[in-house]
Amino acid sequence: MQLHTIIKGQGFPVLCLHGHPGNGRTMAVFQDHLSLRFRTIAPDLRGYGHSHTSQDFVMADHVNDLCRLLDKEEIDRCLVLGWSLGGILALELALQQGDRIQGLILVASAARPRGNHPPAGRLDYLYTAIAALINFGYPGWQWNIDTFGKRSLLRYLVEQHTPSTYRYLATAVPAYLQTSRFAQRALSRALRQGYDRLGDLDKINCPCLVLAASGDRHITSASSQETAQHLPKATWHLYTNTAHLFPWEIPQQVMLDIEQWLAAHPEIFV
């Protein structure tokens, strides 16, 4: 299928893959910065955003869609940056398209993802809905953050409840509403089957940067570190006092670390 795609900048291609629920626009925190030097490609994955589908699919279809996208854009070499689910797809691309993928940046992701999210109650969902809707209309409003945000499920997604973090969170509301039931089914099915690619990671020989948050309850930092330990050429970085959405909590620090890693690996662009 044709994926709705946001392309910015010129230069070496960087494929930016969003998580669940999400869309290409949620990758703006990376794309806006990287597009100053690179050609950045941020698609809506199948069943997300404006990449509509009306039938069930499996996770492998995402990888096939991305391979066709790279073919369409005539990209034979690229760097892949994946956040959460996007990181898992980045690993799959590297395993299937090894000659094409020159480097990986895995953000809050893992080859054997594990979470420790506590059970959610009715009030959790109620406060989350209220906080998200108010924040969509009035992004970063401190009263909403203190009254509803810190008492909602957002407390498991971020640890730094700042107005700037919540302004990023406002972009997640349309992404959540546009995520199809088919995308939810595909992900749920893969998780039930026990997704585990640790045993294959020794086949990925490109430089990899693995970034994780100490407070991540969705994909724990331990599972991200486990992935880094199995990758032959991995650099590992852990951020304290942050959670799963840490690029929206500390965007300047994250981009600085990415830039330093890119500078240390010029072979990616040769």
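The values are calculated or read from the model by the stated rules, or taken from the named source; none is laboratory data. Model, not experiment: these values are computed from the prediction. We place every Cβ from the backbone using ideal geometry, glycine too, and count neighbours over all the protein chains shown.
Using the structure shown, decide if residue 107 is within 30 Å of residue 77 (Cβ to Cβ) and buried (at least 19 other Cβ atoms within 10 Å of the Cβ). Give the steps one after another, and end with the answer.
Numbers: within 30 Å of residue 77 (Cβ to Cβ): yes; buried (at least 19 other Cβ atoms within 10 Å of the Cβ): yes.
Against the criterion (within 30 Å of residue 77 (Cβ to Cβ) and buried (at least 19 other Cβ atoms within 10 Å of the Cβ)), residue 107 qualifies.
Per-residue answers, yes or no, for (1) in the same structural domain as residue 93 (by TED's automatic domain parsing); (2) closer than 30 Å to residue 225 by Cα; (3) in contact with a strand residue (DSSP E or B) (Cβ under 7 Å, 6 or more places away or on another chain):
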{"position": "130", "(1), (2), (3)": "no, no, no"}
{"position": "144", "(1), (2), (3)": "no, no, no"}
{"position": "148", "(1), (2), (3)": "no, no, no"}
{"position": "151", "(1), (2), (3)": "no, yes, no"}
{"position": "154", "(1), (2), (3)": "no, yes, no"}
{"position": "165", "(1), (2), (3)": "no, yes, no"}
{"position": "197", "(1), (2), (3)": "yes, yes, no"}
{"position": "212", "(1), (2), (3)": "yes, yes, yes"}
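I'd like to verify a number: residues in the stretch 74-100 that are surrounded by 23 or more Cβ atoms within 10 Å (Cβ to Cβ) and part of a strand (DSSP E or B), how many?
The number of residues fulfilling the criteria is 5.
Quick check on this structure: which one of 46, 25 is in contact (Cβ under 8 Å) with a residue 60 or more places away in the chain and in a helix (DSSP H, G or I)? Can you show your working first?
Values: 46 fails: in a helix (DSSP H, G or I).
Testing whether each residue is in contact (Cβ under 8 Å) with a residue 60 or more places away in the chain and in a helix (DSSP H, G or I) leaves just 25.
If I filter the stretch 62-73 for residues that are in contact with a His (Cβ under 7 Å, 6 or more places away or on another chain), at pLDDT 95 or above and farther than 26 Å from residue 199 by Cβ, do I get at least one hit?
Initial filter on the stretch 62-73 (in contact with a His (Cβ under 7 Å, 6 or more places away or on another chain)): none.
No, the stretch 62-73 contains no residue that is in contact with a His (Cβ under 7 Å, 6 or more places away or on another chain), at pLDDT 95 or above and farther than 26 Å from residue 199 by Cβ.
Could you look through the stretch 166-223, keep only residues that are assigned to a helix (DSSP H, G or I) and among the charged types (D, E, K, R), and pick out the one that is farthest from residue 242 (Cα to Cα)? Walk me through it before giving the result.
Filtering the stretch 166-223 for residues assigned to a helix (DSSP H, G or I) gives 166-169, 172-178, 181-192, 198-203, 221-223.
Then drop every residue that is not among the charged types (D, E, K, R), which leaves 167, 181, 185, 189, 192, 200, 202-203.
Working: 167: 16, 181: 29, 185: 29, 189: 29, 192: 27, 200: 29, 202: 29, 203: 31 Å.
Across the stretch 166-223, the extreme among qualifying residues is 203.
Would you confirm, using the coordinates I've provided, whether residue 236 is crowded, with 22+ Cβ neighbours inside 10 Å and not in a loop (DSSP other than H, G, I, E, B)? Show your work before the answer.
Working: crowded, with 22+ Cβ neighbours inside 10 Å: no; not in a loop (DSSP other than H, G, I, E, B): yes.
Considered against the rule, which asks whether it is crowded, with 22+ Cβ neighbours inside 10 Å and not in a loop (DSSP other than H, G, I, E, B), residue 236 comes out as no.
Looking at 178, 225, 184, 160 in this structure, which one is within 19 Å of residue 85 (Cα to Cα), in contact with a Phe, Trp or Tyr (Cβ under 9 Å, 6 or more places away or on another chain) and either surrounded by fewer than 18 Cβ atoms within 10 Å (Cβ to Cβ) or among the basic types (Lys, Arg) (or both)? Before you say what the answer is, go through the steps one by one.
On the way: 178 fails: either surrounded by fewer than 18 Cβ atoms within 10 Å (Cβ to Cβ) or among the basic types (Lys, Arg) (or both); 184 fails: in contact with a Phe, Trp or Tyr (Cβ under 9 Å, 6 or more places away or on another chain); 160 fails: within 19 Å of residue 85 (Cα to Cα).
Only one candidate passes the filter, namely 225.
I'd like to verify a number: residues in the stretch 179-227 that are free of Cβ contacts under 8 Å to residues at least 40 places away in the same chain, under 17 Å from the mean Cα position of the chain (by Cα) and within 13 Å of residue 115 (Cα to Cα), how many?
Total meeting the criteria: 2.
Taking residue 200 as meeting all but one of (1) more than 27 Å from residue 52 (Cβ to Cβ); (2) in contact with a Ser or Thr (Cβ under 7 Å, 6 or more places away or on another chain); (3) not hydroxyl-bearing (Ser, Thr, Tyr), write down the number of the exception.
If we test residue 200 against (1) more than 27 Å from residue 52 (Cβ to Cβ); (2) in contact with a Ser or Thr (Cβ under 7 Å, 6 or more places away or on another chain); (3) not hydroxyl-bearing (Ser, Thr, Tyr), just (2) comes out false.
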